[in-house]
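Trainee: Here it is: the structure, laid out below.
The values are calculated or read from the model by the stated rules, or taken from the named source; none is laboratory data. Note that the structure is a prediction, hence the values are computed from the model and not measured. We place every Cβ from the backbone using ideal geometry, glycine too, and count neighbours over all the protein chains shown. The accessibility values were calculated without ligands, DNA or RNA, using every heavy atom of the protein model including side chains. Shrake-Rupley method; radii C 1.70, N 1.55, O 1.52, S 1.80 Å.
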Amino acid sequence: KWNIIQNSPIYFREYETQRPLPTPVKGGNLKTILNYLNIGNEEDEILLLPTMCTLPLANLTRPIIGFIGDQGSAKTSTARLIRALLDPSDPAENDFSPTKQNLSLVFYHNALPIFDNLSTISSTVSDMFCRAYSGTGFQSRKLYMDNALISFSYKRCFMFTAIKTPTAAKDFNARTVMIQLNRIAGSAQIGEEAIMRKFKADAPNILGGMLDVLVEAKRIAPRLNLHWKSRWADAFQYAAAAAEVLGY
């Protein structure tokens, strides 16, 4: 079982950009989030929801999540809603800079960064993303010092949005769960402010449902005998178990 405890040991640095997490409710329903996401078929549900259940497992290598689709397919809104459950921060999306030090600062300060509207990424940036995924971190010479280093240590999953896959790099794409979103017809579009207001009310129920699924997934995951695993093998085992718990 999961519980909310008082006087918890400090497991993370607190930054002024962070906002309060939703307070999870026991007996919630993770699938309620589908009322807010532009997910058009069960195949993408099976990819996304169990993958979401692995995101709180910060000690494991977890996948990159990419939302691909035309303008008006709610890519950014989808990423924002998922982030709001686990890493509510300002700004909702992170500034994308191709320099190693700036990217490292973003990963160091954010638990679940979003890089919005990527067009192309260089091989250097792709390598930085892969290092963030695997927990390699980053070192650089300390400012004004010739014999000292500054180190950023992190292991991050993150999300990005793009009209098309931003790189052909095999290492990057093998680490990424790609979700294809379709354009929403103008008559079906809903204002983001109204969506976020309703989502805020449902977030405790959704997060509680995610934790319920994860607890059960951790119980049954050791018994699963998978014939194939992805590059993120440990978290993949839990995602497969979460899919079972969710009834897929």
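Trainee: So what's the projected area for region 32-85, the Cα convex hull averaged over all directions, in nm²?
Mentor: Dividing the Cα hull surface by four gives the mean projection, 4.0 nm².
Trainee: Whole number in Å², please: accessible area per residue of the chain, 1.4 Å probe, ligands, DNA and RNA not counted.
Mentor: 55
Trainee: How far is it, in nm, from the label point at ALA168 to the one at ASP95 when both lie 7 Å from their Cα along the line to the Cβ?
Mentor: That separation, rounded to one decimal, is 3.3 nm.
Trainee: Under a point spin-label approximation (7 Å from Cα along Cα-to-Cβ), what is the LYS229-ILE46 distance to one decimal in nm?
Mentor: Those two pseudo-labels are separated by 2.1 nm.
Trainee: Counting helices only, and only those DSSP H runs with n ≥ 4, report the 222 nm mean residue ellipticity of the chain as the sum of -39,500 (n - 2.57) divided by its residues, in deg cm²/dmol to the nearest 500.
Mentor: It comes out at -12000 deg cm²/dmol, rounded to the nearest 500.
Trainee: While we're here: Please work out the Cα center distance from region 145-169 to region 4-52, rounded to the nearest Å.
Mentor: Answer, in whole Å: 23.
Trainee: Then there is this: Assuming 0.36 nm per residue, please report the length gained on full extension of the stretch THR124 to ALA58 beyond their Cα-Cα distance.
Mentor: 21.3 nm
Trainee: Sort region 149-248 into rounded, prolate or oblate with this rule: let a ≥ b ≥ c be the square roots of the eigenvalues of the Cα gyration tensor; rounded if a/c is under 1.5, and if a/c is not under 1.5, prolate when a/b is larger than b/c, oblate otherwise.
Mentor: oblate
Trainee: A further question follows. Averaging the inverse of every distinct alpha carbon separation and then flipping it gives the Kirkwood radius. What is it for region 94-203, in angstrom units?
Mentor: Its Kirkwood hydrodynamic radius stands at 16.3 Å.
Trainee: Let's test this: bin the Cα-Cα distances of the chain at 10 Å from zero up to the farthest pair and state each bin's percent.
Mentor: 7, 30, 37, 21, 5, 1, 0
Trainee: If the limit is 21 Å between Cα atoms, which of LYS142/LYS170; LYS26/LYS75; LYS31/LYS218 go over it?
Mentor: LYS142/LYS170; LYS26/LYS75
Trainee: May I pose another question? Once fully extended, how much extra length lies between GLN18 and LYS198, figured as 0.36 nm per residue of separation less the alpha-carbon to alpha-carbon distance?
Mentor: Net length gain for the segment: 62.7 nm.
Trainee: A further question on this structure: Holding the Cα-Cα limit at 19 Å, pick out from LYS1/LYS198; LYS164/LYS229; LYS100/LYS155 the pairs that are longer than that.
Mentor: LYS1/LYS198; LYS164/LYS229
Trainee: Whenever you get a sec, compute what percent of the accessible area on region 83-160 sits on carbon and sulfur atoms (1.4 Å probe).
Mentor: Carbon plus sulfur share of accessible area: 49 percent.
Trainee: Compare LEU37, LEU211, LEU224 in a GNM of the chain, Cα atoms joined below 10 Å, and give the one with the largest fluctuation.
Mentor: Comparing LEU37, LEU211, LEU224 in a Gaussian network model of the chain, the most mobile one is LEU224.
Trainee: Ok, one more. Label TRP2 and ILE220 with points 7 Å out from Cα along Cα→Cβ: what is the distance between them in nm?
Mentor: My value for the distance between the label points is 1.7 nm.
Trainee: Ranked highest first by the average count of other Cβ atoms within 10 Å around their residues, in what order do 51-60, 226-235 fall?
Mentor: Order by mean packing, descending: 51-60, 226-235.
Trainee: Further, regarding this structure: Using a 1.4 angstrom probe on the protein heavy atoms only, could you order ARG197, ARG219 from most to least accessible area?
Mentor: Sorted descending by solvent-accessible area, the residues read ARG197, ARG219.
Trainee: Shape call for region 181-225 from the C-alpha gyration tensor, a ≥ b ≥ c root eigenvalues: rounded (a/c under 1.5), prolate (a/b greater than b/c) or oblate?
Mentor: It comes out oblate by the Cα gyration axes.
Trainee: While we're on this one: With bins 10 Å wide starting at 0, give me the P(r) of region 1-122 over every alpha carbon pair, in whole percents.
Mentor: Bins of 10 Å from zero give 10, 39, 37, 13, 1 percent of pairs.
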